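Report on the following structure.
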Amino acid sequence: MRSYYAARAREYDRVYEKPERQADIQLLREWLPSLFRGSRLLEVACGTGFWTQFIAPLADRIVAIDSAPETIAIAQSRVQRDKVSFVVGDAYDLPRDQGVFNAAFAGFWFSHVPRDRQAEFLCGLSGAVAPGSTVVLVDNLYVEGSNHPISERDAHGNTFQLRTLEDGSAHRVLKNFPTETELRSRIEGVGHSARFSQFEYYWAVQYVVGQP
């Protein structure tokens, strides 16, 4: 996955330019930053910083993690460096030396987490922020004709897409499309007060870390 996104870095943002998705993108651009006003935010899998650039003006501080230096290089050009720190890191081994966070965001990452590691990722994310923190996950709904078709399903229920980049290289990419029921079930072990939102092409869930 890291090598795929490193290779895709320069063309990644074209996914946000699809004409049919513009209404949803605009809604998310307006809604997401408001959730993190004044927060010290941990952003997981920040990629090229597409969402970071909209959140940063309202957040107090952001530490943004990604595994690919190639995407981080693009992200760094989009934001004020005094408000955002970028770290090359592992979403399954989040940093504990960057201070205290009271919010977390993972955009378009959860769909790439294997089903048998989803609980591990969510537990690790909860452990990286303070109890009572707000967590927001945003990702894709599967919409025929707008998404790459599903090319494969494994014994664990993970689904895969075959994607071809501009350089002609083909990549087998894990891309899951969890249901609201599945998401709520995963969140029950790490948080409470989950609120699920569904757009035409995307879903979002926000919850509070810890027990109610």
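A few comments on the model shown:
- Taken as Cα centroids, the range 139-212 and the range 102-134 sit 13 Å apart, rounded to the nearest whole angstrom.
- GNM on the chain, alpha-carbon springs under 10 angstrom: the most fluctuating residue among A56, A104, A130 is A130.
- 3J(HN,Hα) along the range 133-144, derived from phi through the Karplus expression 6.51 cos²θ - 1.76 cosθ + 1.60 where θ = phi - 60°, amounts to 5, 8, 10, 10, 10, 10, 7, 8, 8, 7, 10, 4 Hz, with x in place of Gly and Pro.
- Calculated [222 nm] ellipticity per residue, helices only, for the chain: -6500 deg cm²/dmol; basis is -39500 (n - 2.57) per DSSP H run with n ≥ 4, divided by all residues, nearest 500.
- Residues of the range 192-212 with amide N under 11 Å of the 7 Å Cα→Cβ point at S146: 199-203
- Distance between the pseudo-spin-label points of E120 and R153 (7 Å out from Cα toward the beta carbon): 2.4 nm.
- Inter-probe distance in nm under a simple model that places probes 7 Å from Cα toward Cβ, at S197 and R37: 1.4
- Neighbour-limited loop hits for trypsin sites (Lys or Arg not before Pro), the range 74-121 (at most 10 other Cβ within 10 Å; DSSP other than H, G, I, E, B): R81, R96
- The order of the peptides 186-193, 201-208 by mean Cβ neighbours within 10 Å, most packed first, is 201-208, 186-193.
- Computed over the range 65-196: relative contact order in percent, which uses C-alpha pairs under 8 Å that are six or more apart: 21
Read-outs throughout are calculated quantities, based only on the coordinates presented, and are distinct from any laboratory measurement. Note that this is a predicted model, so its numbers are computed, not measured. Neighbour counts are summed over all protein chains in view; Cβ atoms, including those assigned to glycine, are modelled from backbone coordinates with ideal geometry.
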